[in-house]
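Structure first, then comments.
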Amino acid sequence: MKTICVYAGSNLGNRPEYAEEARKLGRLLAEQGIELVYGGSKVGLMGEVANSALEHGGRVVGVMPKGLFRGEVVHAGLTEFIEVKDMHERKALMAQRSDGFIALPGGFGTFEEWFEAISWTQIGIHNKPVALLNVLDYYTPLLRMVDHSIEAEFAQVSHRQLVVEANTAEELLAKMEQYQRPEMTNKWKQLED
């Protein structure tokens with residue numbers, strides 16, 4: 001992988017381990033020569049992962065809709081900053097430029113971005129790994145919800161294999177490198193035939 005998109009909270013959260021793991025991820029991306037694409041902010045976990053990647057010589061690309069531009073949140077020290085029209089264009093460009101996706105802990109925006117990326121894998125828009133960095137089991141309740149959707153037969157058992165997860169940045173990047181999209185039926189493609 002040459003470029004990874006990272007979704008992350010604009011807050012630091014209530015545990016120092018969230019920021020520590022974000023910084024570790026940024027460092028590892030830089031050390032492995034993997035470009036970071038993210039939302040362009042200097043605050044929260046977004047800022048932590050970007051600052052760490054930059055401090056370790058990495059390339060960092062921020063993508064932000066002009067409606068979100070405010071001096072106190074825009075990261076001025078990025079390798080590249082791309083202004084887009086709106087959130088839809090932002091997510092599409094971030095996906096287009098990335099070979100994989102990681103969600104650090106975050107809130108509704110992080111959830112929405114991650115679910116869109118994984119649903120695009122599910123329906124075959126892309127075959128890129130979509131991962132959760134499950135720091136301190138932050139995403140364990142979400143993973144239980146995914147399992148519940150399979151038990152209730154709203155998702156297939158094979159869909160669970162789409163989710164790459166680990167508790168540390170090192171383990172997660174290693175799993176993403178080995179990722180292969182599982183074989184599964186795609187009912188949307190079958191309807192076209």
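The values are calculated or read from the model by the stated rules, or taken from the named source; none is laboratory data. Treat the numbers as computed from the prediction; the structure is a model and nothing was measured. All Cβ positions, glycine included, derive from the backbone under ideal geometry; neighbour counts span all protein chains shown.
For VAL49, the conditions (1) surrounded by 15 or more Cβ atoms within 10 Å (Cβ to Cβ); (2) more than 22 Å from PHE115 (Cα to Cα) are fulfilled apart from (2).
Scanning region 5-43 for residues being β-branched (Val, Ile, Thr) and surrounded by fewer than 24 Cβ atoms within 10 Å (Cβ to Cβ) gives a total of 2. Of everything in region 164-181 that's surrounded by 13 or more Cβ atoms within 10 Å (Cβ to Cβ) and at pLDDT below 95, which residue is farthest from TRP120 (Cα to Cα)? So the residue we want is TYR179. With respect to the conditions (1) surrounded by 14 or more Cβ atoms within 10 Å (Cβ to Cβ); (2) hydrophobic (A, V, I, L, M, F, W, C); (3) under 19 Å from LEU45 (Cβ atoms), LEU136 lacks only one, and its number is (1). Among the residues making up region 79-108, those that are within 26 Å of HIS56 (Cβ to Cβ) and in contact (Cβ under 8 Å) with a residue 60 or more places away in the chain are MET94, ALA95, ARG97, SER98, ASP99, GLY100, PHE101, ILE102, ALA103, LEU104, PRO105, GLY106. Restricting attention to region 146-161, does a residue exist that is closer than 15 Å to ILE102 by Cα and under 19 Å from the mean Cα position of the chain (by Cα)? No, because not a single residue in region 146-161 is closer than 15 Å to ILE102 by Cα and under 19 Å from the mean Cα position of the chain (by Cα).
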